[in-house]
Amino acid sequence: MTAAPTGPGDLDSASSAPLHPAAREVLLAALDRGYADPRRLHRAGREARLLLDNAREATADALGVRPDEVTFTPSGTHAVHLGLVGLVRGSRRGDGVVHSAVEHSAVRHAVAWGARSLEVGVMGDGRVHDGDLVENAVSPGTGVVALQTANHEVGTLQDVGGFELPNDVPLFTDACASMGRLPLPDGWAAAAGSAHKWGGPAGVGVLLVRKRARWRNPFPGDDRVDERSTGFENVPAVLAAAAALQAVVAERDEVNVRQHELVEVVRRRVAAEVPDVEVVGDPVRRLPHLVTFSCLYVDGEALVTELERRGFGIASGSACTASTLTPSHVLEAMGVLTHGNVRLSFQRDTTRADVDAFCDALPGVVAEIRSRVGL
Amino acid sequence: MIAPHDEYEVALELDCRDLPCPMPVIELARHLGDVEVGDLLAVVAHDPAAAVDVPAWCRMKGQVYVGADVTDDGAPRYVVRRVKA
C-alpha cells in the first residue's frame, strides 16, 4: 500500500501536505530503530538518542540555526504557544504582545491565554501597518512583538526583521506557513514551524529559541533531553520530519520558481475568466505555492462542494460553511470579500495541466452557483 | 463606525435579518436598480460577514459605501449610495 490516496486535484497543501517521498523510508526504518527512550543508556536507548540528535542537527542545518536552538514539539500550534508565551514570561517590560490582525489563530489563542493583546491592523494586501507596529512596540508594557513570516490564508509575506524594535522587545515569528519553503527571516528571538505543512508527518512541531533570548517555560517543565520539550519525543516522526525538511530545502529553488509561475497562471486566468472576482494578497511578495481569491454572490460551502465533485480539493475562508458562521479574521482584517473564497495551495508535484484543469472548471462552477440565486 | 439610527435617509431598506452569508449582498445586487442613481439603499443583516462584504461589494461594483447604523431592534444596517447603473 504505497499508492498515493490523493490525486492531482488535492490543491490544499497549506492545510496539510502528503508525506514527502524522502521521509517515507526514513520513517519506516526509524519506527523499528527509534522506539526506545532517548535518555536510557542501554543499546536501544542510545540508538533512539542518536536518531533524535541526528534529527536536531539536520533540522538546524536546514534552517540555518544552532542545534541547541531547536526543540521538537507535538505540533506547530504547541510550538507557537510555547515560543510566544515563553518570551512573554521572560520579558522584563510587561505582558503586552503587539501582533498583526492577520496572525494564525494559534497566536491569537496564545495571546488570549497568557498575555495582553495589542492588535495592529493590516493594509488591503495583508501587510501590517509597520508604523503602528513600531509605535506599539516602544510603548511601556509591551513585552513581545509577534509577526508571522507569511500569511497562511493569502500568502502575503511580512517584513519580519525589517523593523526597528527596542533591544529589550523580542520578536516572535510564526513561520508555520513558510518553513522549509523559504529561508527564515532575521531578527527573531523565537520561531515556530509545523512539519505536516512541509511534507513531514503530523504531530511534529519545531520551536526555535535563540541562544541569548530571554525565554521562560510557561508550562510545567519536564526532564527530557531538551529542557524546553515536554513528554516523550516521537523520534521516528521527528526524524522523518527532518528528512522531509532537508529535501524541501534542497529542491526549493526549482520548486518555488515553478509554483510561483503556477500562481501567476491562476491569478491571471481567474481574474480574466471569472466575472466579479477579487484576487487577494500581495501579487509579488508572497508564498510561492499559495493563491487566494473571492467570488461575489457565491456561497463558500457550495463552492467547496461543487469543486470537490469535479475532483478539486480546496480550502475556503468563507463563513456559511458547516463549521463556522463567522468569516475568516484574515480576510476581514484586509477588508476584502469574505464570501465565495477559495484558497489554492499547490503540492510539490502539481503541474501546469493540473492548474489549467482547475481554471477550466472554475468559471462554469461559479456561473452555476450564481444561477441558483438568479445572478 | 456605527451611527445612530435614522442617520441616513434611505430610499429603500432590505430586510435580510435572518439570511445567511452571502444572501444580504445578493439581495443588495438584486435591488440596486430599484433606487435612483444618487439615492441610498440599505440592507439590514445579522450576518457578521456583511460588515466586510457590503463595503467590498461597493468597491468591486463601483458604488459608494456610506456607513452603518443600527435599527430600532438592534440589527446592523449597512447603507450604500447608488452612483452608477
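The values are calculated or read from the model by the stated rules, or taken from the named source; none is laboratory data. Bear in mind the structure is a predicted one, so any value in this text is a computation, not a measurement. Positions of Cβ are generated from backbone atoms using ideal geometry, with glycine treated the same way; all protein chains shown enter the neighbour counts.
Any chance you could count how many residues in region A:226-253 are within 19 Å of A:ASP61 (Cα to Cα) and in contact (Cβ under 8 Å) with a residue 60 or more places away in the chain?
Just the residues of region A:226-253 that are within 19 Å of A:ASP61 (Cα to Cα), to begin with: A:226, A:235-253.
This time we only want the ones that are in contact (Cβ under 8 Å) with a residue 60 or more places away in the chain, so: A:226, A:235-249, A:251-252.
So the count comes out to 18.
Each row is one residue, and each column tells you yes or no for (1) within 26 Å of B:PRO24 (Cβ to Cβ); (2) within 14 Å of chain B (Cβ to nearest Cβ); (3) surrounded by fewer than 24 Cβ atoms within 10 Å (Cβ to Cβ); (4) in contact with a Cys (Cβ under 8 Å, 6 or more places away or on another chain).
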| position | (1), (2), (3), (4) |
| --- | --- |
| A:GLU306 | yes, no, yes, no |
| A:ARG310 | no, no, yes, no |
| A:ILE314 | yes, no, yes, no |
| A:VAL330 | yes, yes, no, no |
| A:MET334 | yes, yes, no, no |
| A:THR338 | yes, yes, no, yes |
| A:SER345 | no, no, no, no |
| A:THR350 | no, no, yes, no |
| A:VAL355 | no, no, yes, no |
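Residue check: is A:PRO67 touching an Asp or Glu at 6+ places or on another chain (Cβ under 8 Å) and either in contact (Cβ under 8 Å) with a residue 40 or more places away in the chain or among the aliphatic types (A, V, I, L, M) (or both)?
no
Taking region B:65-75 as the region of interest, how many residues are more than 19 Å from A:VAL336 (Cα to Cα) and touching a strand residue (DSSP E or B) at 6+ places or on another chain (Cβ under 7 Å)?
Number of matching residues: 4.
Has region A:160-173 got at least one residue that is at pLDDT 95 or above, among the hydrophobic types (A, V, I, L, M, F, W, C) and in contact with an Asp or Glu (Cβ under 9 Å, 6 or more places away or on another chain)?
Among the residues of region A:160-173, at least one is at pLDDT 95 or above, among the hydrophobic types (A, V, I, L, M, F, W, C) and in contact with an Asp or Glu (Cβ under 9 Å, 6 or more places away or on another chain), which makes the answer yes.
Could you please find all residues in region A:21-46 being part of a helix (DSSP H, G or I) and closer than 21 Å to A:GLN246 by Cα? Give the steps one after another, and end with the answer.
Pass one, region A:21-46, residues part of a helix (DSSP H, G or I): A:21-33, A:43-46.
Across region A:21-46, the qualifying residues are A:PRO21, A:ALA22, A:ALA23, A:ARG24, A:GLU25, A:VAL26, A:LEU27, A:LEU28, A:ALA29, A:ALA30, A:LEU31, A:ARG33.
Residue by residue through region A:118-140, note down the ones that are surrounded by fewer than 15 Cβ atoms within 10 Å (Cβ to Cβ) and farther than 15 Å from A:GLU164 by Cα.
Across region A:118-140, the qualifying residues are A:GLY121, A:MET123, A:GLY124, A:PRO140.
Would you please name the residue that is nearest to the chain's Cα centre (by Cα), looking only at residues in region B:37-54 that are within 16 Å of B:TYR8 (Cα to Cα) and not aliphatic (A, V, I, L, M)?
Only one residue tops the list, namely B:ASP39.
From the list A:GLY205, A:GLY200, pick out the single residue that is within 16 Å of A:VAL107 (Cα to Cα) and of a type outside the set (Ser, Thr, Tyr).
Answer to the selection: A:GLY205.
Can you tell me which condition A:THR326 does not meet? The list is (1) within 22 Å of A:SER16 (Cα to Cα); (2) surrounded by fewer than 16 Cβ atoms within 10 Å (Cβ to Cβ); (3) among the hydroxyl-bearing types (Ser, Thr, Tyr), and all the others hold.
So A:THR326 meets the others, but not (1).
When A:GLY203 is evaluated against the numbered criteria (1) crowded, with 20+ Cβ neighbours inside 10 Å; (2) among the small types (Gly, Ala, Ser); (3) in contact with a helix residue (DSSP H, G or I) (Cβ under 8 Å, 6 or more places away or on another chain); (4) farther than 22 Å from A:GLY94 by Cα, which criterion, by number, is the only one it fails?
All conditions pass for A:GLY203, except number (1).
Considering only region B:1-79, give the strands (runs of 3 or more DSSP E) lying wholly within it that have at least 3 residues that are crowded, with 16+ Cβ neighbours inside 10 Å.
B:40-44, B:64-70
Only one of (1) within 14 Å of chain B (Cβ to nearest Cβ); (2) closer than 21 Å to A:ALA14 by Cβ fails for A:VAL373. Which number is that?
(2)
Tell me which helices (runs of 4 or more DSSP H) are completely within region A:68-183 and hold 2 or more residues being among the acidic types (Asp, Glu) and in the same structural domain as A:LEU207 (by TED's automatic domain parsing), or say none if there are none.
Per the criteria, A:130-138.
If you check B:VAL43, B:VAL25, B:VAL79, B:VAL52, which single one turns out to be in contact with a helix residue (DSSP H, G or I) (Cβ under 6 Å, 6 or more places away or on another chain), more than 10 Å from chain A (Cβ to nearest Cβ) and under 23 Å from A:SER318 (Cα atoms)?
B:VAL43
One residue is enough: does region B:6-18 have a residue meeting the conditions closer than 21 Å to A:VAL366 by Cα and touching a strand residue (DSSP E or B) at 6+ places or on another chain (Cβ under 8 Å)?
Filtering region B:6-18 for residues closer than 21 Å to A:VAL366 by Cα gives none.
No - not one qualifying residue is present in region B:6-18.
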